[in-house]
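K.L.:
I'd like to ask some things about the structure below.
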């Protein structure tokens, strides 16, 4: 692949290879949560809520630090065909576990738990409609919900007004190689065809929090890896702008 | 309580005792399901999807009949304070079971399973935001999703165009007695104060499918029961009009 | 249906439409429990035990109130064909959950938890043999076990002798419409044929605690509902007499 | 211990060391099962039902053999203090598993599975009241239920009239050493004090099916072991007489 | 069977009927545990670790006594064909429960919990390769791990140097009757053919802790039982020598 | 960090920053499995077995392709302090799920499922002793077990002698940044201090199968990412040599 190639390729949905799908963030979608955002990456829709409670889990008590964790889930008919509920099956699946852990780590990367005080924030990311990129949408939306929950806690005096629990912002995007061409922000139809699939979590100042690349088809070389990282930085730069816009006033 | 009293009482949200909250039905909210509706009873928001698949559960095979079932659930932060996920707890709670069964029975009451053919419809009712009346909103919205799934199946030739699987429509409302006064469509703040709480499921032609009355505080007499049923019929009459409107063209 | 019809109908077991099956209450059947009753509605046999322990669940501590709860279950071969044990399946089914909750609510309706003091009573209702009406037999028998457990606690000084935790008595009966005719106390063969099935929980002074009517076949109208409630009041009146008799001396 | 000692010792309930508690077998206690017996060893009461169904588990299909298995359980308030239900805990405990397996093995020891044909018998042994020796009562009662289920199957033509699936009878008893003295058929108060506890399963012709001896306090020597086996043979000889009596016509 | 017969019989692996398989104990195989042993009975390999922690379970607090418990498990491919993991199935099977309980009881039989102080020792016995006799190898190896954990605790001052928590040693062996001949230490090929199978747990001074005999095929008589016990005492005598040797310096 | 720095740094265990711990592969450690390897990275010990069975899971039937999957687990006392068994907790944890999935994907990357035919290989990777890098040791050892299982299947004629199910080899290593210095193959003491932790799975010809980098402390930049990838390629090159050596004759 060369830049020349990339410029001329047009995808099924009309995008160029380095273009995001339309991104929408509806801040405060949920009236009950301390912070919330309905985020859409094209047809992917994730409801992110941040629940802030005073106190921390037992293993963290007395250390003067807070805790941030996340749970990801999908409605049974978020997808093209219905999946059984994990509650009915009686156990959380491997994929759900893996994504929940990824979201939690990603958000903790921009939190100073000392500044948070002994408070706990649970980020629930529920996929209402799935069309690829649900975990990256979840991370990007969860940041907005988290920021709002922290603002709320400051306004309520639960966190001191001067505290700075957020050390930055964070967003995430998927990239992949399809027919040898690296592409940004894969919808479901592209995702299933990708030879290599990578999810990249990046801070607002362009540093990596997570890089998770997987060869679905053929193993990838160093050059392909670099092209994917380049694209991911383009995408997360834009996403962090959209987050900043959404959080204005 | 007398009718005179009822006329003059104004509730916290400005409604009269026999008035529904604003009802909104957004048909087709979900792109992936065969039928779907986002239904709102005031601040209560339930996403109802209907998933139609060919074939029936093993115990029903070869009888030439279809099957309709339902699953109800609540997002962890649909409520004022966060509830643990049932998938994480590893079991479905009693309340969830009970409501899922109620929704299933209610919808089966207006289905002719022979006309449905050997097809299965699963109705998923996920509460995105809760403010009282989630089970009744779920039944009312599930009917719309169900009707659309059946139309889709006819258009696809999965169900013969002449088949009439729907024998009518169905909707549901909660009623309750608060400080001795029967009231219609209780939001959360009224629900927790109700001495008696009743959920009534009614067909479009005004017959009862389910009557579930519970004395939360004091036992109730025959007269109170009758007042509650009167109110419920007023509410479900209106709901069935709103359903009809939503399903136009 | 008219009264004329009802008078002449004779059921498979020889009863009239408004007649209960033979009811037997063996008080104190279990030597270990603080209160117990083996109750029989015809061939339906339910062992009800009341276990009273000092203290309350954590969420109720320090409020000076007691707690009453119930668990219903069925032996695997209580029924015509064997059912798998819920312990072996690893989860409690929806029907079991639903009935346990119903029994708990019904008994709490005649308990003044303040008078009970910080004590907990668990009512276990285990169906040893099932022939319809197990949940109503369970409620009716659980009341006797509960009353005896409270007497025991008074005699032991756990509850003050002057306290009045029981605000009344409670019993329950099933009613249903079969071939258009409302009938009282349905055995299994009638239950499966009923178009409408209703369980009614009534206090000793004739007020409603729970009304749970379900259209199994066709939806029912107001008149049918009224006939069923009439029958239920006849049945529960008799049951409360039998309870009183059983609890003498 | 010598015989001299044994003769003079009188136990709390007035029995001699080699005397069984009063044993009662109520055959056919359950109307729904193919065979059933309510068995009582003093205050220990176990309801044993035998459920016979045509066909065998998948792993046994086509071998022309039947299958016999058992499940043991205890009602939550069978004991002095209430135990949580295993269905509610979501798992079967180790003790329950162990006893269920013991009962199954014991009954299979007197079954010729070829003669049974491709039929399955499940023996449910539910302890309604516990006062020591529940597993041995369960085995002894299960044999009666099993024998009746087989008679029923012959009368129904499910098993050929000439088939002899039962190769003998089986019963079981507990023995133990208390204060150095071997004793037969321990009630709960003796069981908790026993230094050594042994459950012995014996055929009607006096051969061993299971010998399970456990040093609860001090390890035991060969002589003590022999004394316990002697007592067990005395007890099971009597039990097999009682079984024979119960099964007459 | 007579002694004459026994002398001339040679088994598939060349052993005489009263001969153990080659026994190896690799003490301290695991670097992380307070005590550990990899024990081999022929091809059967069990890794036994002893984890000592200060404190006791809640129900034992404040009694000045310690606690010893055990957990047995098998790797999925320890056996000839792969078994599903119990963690994946979501529950511990009956056999696993039964053996874990047996190991725990056996080791507690030679522990003076008062001398142990309020410390807990968990013995994990994981079967890495199975060829019959895994539970008896587990008990025999667990004793070595236990003894080392106690030595460690003394050297660390967690248990006083003068305390004597071990009241003796314990080992176990399987014996069985094959084609009418009692044999010692059965590998898998013999185990599946045994008419009677017995596991015997014996202290270092030759007293019984557990005797678990099961008629797999035909019931056994008193003489056969005696032969099996004789063999078991021969085997455990040798095993206790091997344990003593392993624990030297 | 510069190369100059790296050369002079000596780690707690005496290694240079780009040096692996001593690696040992004991091929065929398990007698029962079709392929097996006990692999050691320093004190980390993982037993890898490959179980090959004919046939494939239902969802793959009739496609002429095989299936390779993996399960990872840890013995409770593989670690410094004991962890509860997942079988006892009744559910598989998120970390276990995540690693099992990683191993499965890694091995499938070098398998041509068409060449495998309709056969299934399950790779069980059980950590017997943990000291960092268990997942990378598991992948590296699982390859050896997999290769041997395939050789066995060819020798048995289950897979045609000419088939080439293996398209290459695969190994994995952990790398991390500690005090700003990138290091290869982290033992536990280094792993807990790492700011960034990365697991890299690489084929025998140096292409990437998985790249999983996580900022545990501070986010990392492109340069650091590159240094880590360089180190990982050094390590996996060596590991693939060791694998080749182990698989000779």
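Each value in this text was obtained by applying a stated rule to the coordinates, not by laboratory testing. Note that this is a predicted model, so its numbers are computed, not measured. Cβ coordinates were reconstructed from backbone atoms using ideal geometry, including for glycine residues, and neighbour counts include every protein chain displayed.
K.L.:
Mind checking Rg over Rh on chain A, alpha carbons, Kirkwood formula for Rh?
P.N.:
Over the Cα atoms of chain A, Rg/Rh equals 0.99.
K.L.:
Report, in whole Å, the centroid distance computed from the Cα atoms of segment C:194-249 and segment A:167-235.
P.N.:
Rounded to whole Å, the Cα centres lie 65 Å apart.
K.L.:
Would you mind giving the mean number of other chain beta-carbons within 10 Å of the Cβ of each residue in A:202-215, as a whole number?
P.N.:
Partner Cβ neighbours, averaged per residue: 6.
K.L.:
Sticking with this one: Shortest first and in nm with one decimal, please list how far the residue A:31 label point sits from its counterparts in the other copies (point 7 Å along Cα→Cβ).
P.N.:
2.9, 5.5, 6.1, 6.1, 7.1
K.L.:
What does the C-alpha gyration tensor say about the overall shape of the protein assembly as shown? Classify as rounded when a/c is under 1.5, otherwise prolate if a/b is larger than b/c, or oblate.
P.N.:
It is oblate, given that a/c is not under 1.5 and a/b is not larger than b/c.
K.L.:
Once you have a ≥ b ≥ c as the square roots of the Cα gyration tensor eigenvalues for segment A:42-174, tell me rounded if a/c is under 1.5, and otherwise prolate or oblate according to whether a/b is larger than b/c.
P.N.:
It is prolate, given that a/c is not under 1.5 and a/b is the larger ratio.
K.L.:
How high is the relative contact order of segment D:32-134, in percent, with contacts defined as C-alpha pairs under 8 Å that are six or more residues apart?
P.N.:
Value for segment D:32-134: 47 percent.
K.L.:
Over 17 Å apart: what share of the alpha carbon pairs of segment F:119-224 falls there, rounded to a whole percent?
P.N.:
61 percent
K.L.:
In chain A, what percentage of the DSSP-assigned beta bridges are antiparallel, given to the nearest 5?
P.N.:
Taking every DSSP beta bridge within chain A, about 85 percent pair in antiparallel fashion.
K.L.:
Please compute the average number of Cβ atoms from other chains found within 10 Å of each residue's Cβ in peptide B:122-134.
P.N.:
3
K.L.:
Continuing with the same structure: To the nearest 10 degrees, how steeply does helix E:134-155 sit against the main Cα axis of chain E, on a 0 to 90 scale?
P.N.:
That works out to roughly 20 degrees.
K.L.:
Next question. Measuring nothing but label to label, 7 Å from Cα along Cα→Cβ, what are residue D:241's distances to the other copies in nm, shortest first?
P.N.:
4.9, 5.0, 8.5, 8.5, 9.8
K.L.:
Could you calculate the FRET efficiency of residue D:154 with residue E:237 from 1/(1 + (r/R0)^6), where r is the beta carbon distance between them and R0 is 51 Å, rounded to 0.05?
P.N.:
So the FRET efficiency works out to roughly 0.45.
K.L.:
Here is a further query. Can you give the Rg and Dmax of segment D:89-129 based on its C-alpha atoms, in angstrom?
P.N.:
Cα radius of gyration and Dmax of segment D:89-129 are 13.0, 39 Å respectively.
K.L.:
Report the label-to-label distance for residue A:167 and residue A:53 in nanometres (one decimal), using points 7 Å from each Cα along the Cα→Cβ vector.
P.N.:
2.7 nm
K.L.:
Could you tell me the calculated FRET efficiency between residue C:230 and residue F:205, based on Cβ-Cβ distance and R0 = 56 angstrom, to the nearest 0.05?
P.N.:
According to the calculation, E is roughly 0.05.
K.L.:
At q = 0.17, 0.18 Å⁻¹, what log₁₀ I(q)/I(0) does segment C:175-225 have when each alpha carbon counts as one equal point scatterer in the Debye sum?
P.N.:
Summing over Cα pairs of segment C:175-225 leads to -0.50, -0.56.
K.L.:
Ok, one more. Hey, in the GNM for chain F with a 10 angstrom Cα cutoff, which one of F:113, F:136, F:81 fluctuates hardest?
P.N.:
Greatest mean-square fluctuation among the candidates belongs to F:81.
K.L.:
Residue C:179 versus residue F:60, label points 7 Å from Cα toward the beta carbon: distance in nm?
P.N.:
5.9 nm
K.L.:
Could I ask something else about it? Based on DSSP H runs of at least 4 residues, each adding -39500 (n - 2.57), what is the mean residue ellipticity at 222 nm of chain F after dividing by all its residues, to the nearest 500 deg cm²/dmol?
P.N.:
-10000 deg cm²/dmol
K.L.:
Related question: To the nearest Å, what is the center-to-center distance of segment C:3-62 and segment B:16-45, using C-alpha atoms only?
P.N.:
42 Å
K.L.:
Here's another thing I want to ask about it. What FRET efficiency do you get for residue D:24 and residue E:193 if R0 is 51 Å and r is their Cβ-Cβ distance, rounded to the nearest 0.05?
P.N.:
After rounding to 0.05, the efficiency reads 0.80.
K.L.:
Related question: With an 8 Å Cα cut-off and a minimum separation of 6 or more residues, compute the relative contact order for chain D in percent.
P.N.:
Across chain D, relative contact order equals 21 percent.
K.L.:
Mean separation of Cα pairs under 8 Å and 6+ residues apart, divided by the residue count of segment F:153-249: what relative contact order is that in percent?
P.N.:
27 percent
K.L.:
Chain B: which residue's Cβ hugs the B-to-F rotation axis most tightly, distance rounded to whole Å?
P.N.:
B:90, 4
K.L.:
Label-to-label distances across copies for residue A:63, with labels 7 Å out along Cα→Cβ, in nm, shortest first?
P.N.:
Reported distances to equivalent positions: 3.4, 3.4, 4.4, 5.5, 5.7 nm.
K.L.:
Taking only Cα atoms, what is the 0 to 90° angle, nearest 10, from helix F:94-108's long axis to the longest principal axis of chain F?
P.N.:
60 degrees
K.L.:
Angle between the Cα long axis of helix C:222-246 and the longest principal axis of chain C, 0 to 90 degrees, nearest 10?
P.N.:
50 degrees
K.L.:
Also, I was wondering about something else. Averaged over its residues, how many other protein chain Cβ atoms are within 10 Å of peptide A:45-57's Cβ atoms?
P.N.:
Going residue by residue through A:45-57 and averaging, the value is 2.
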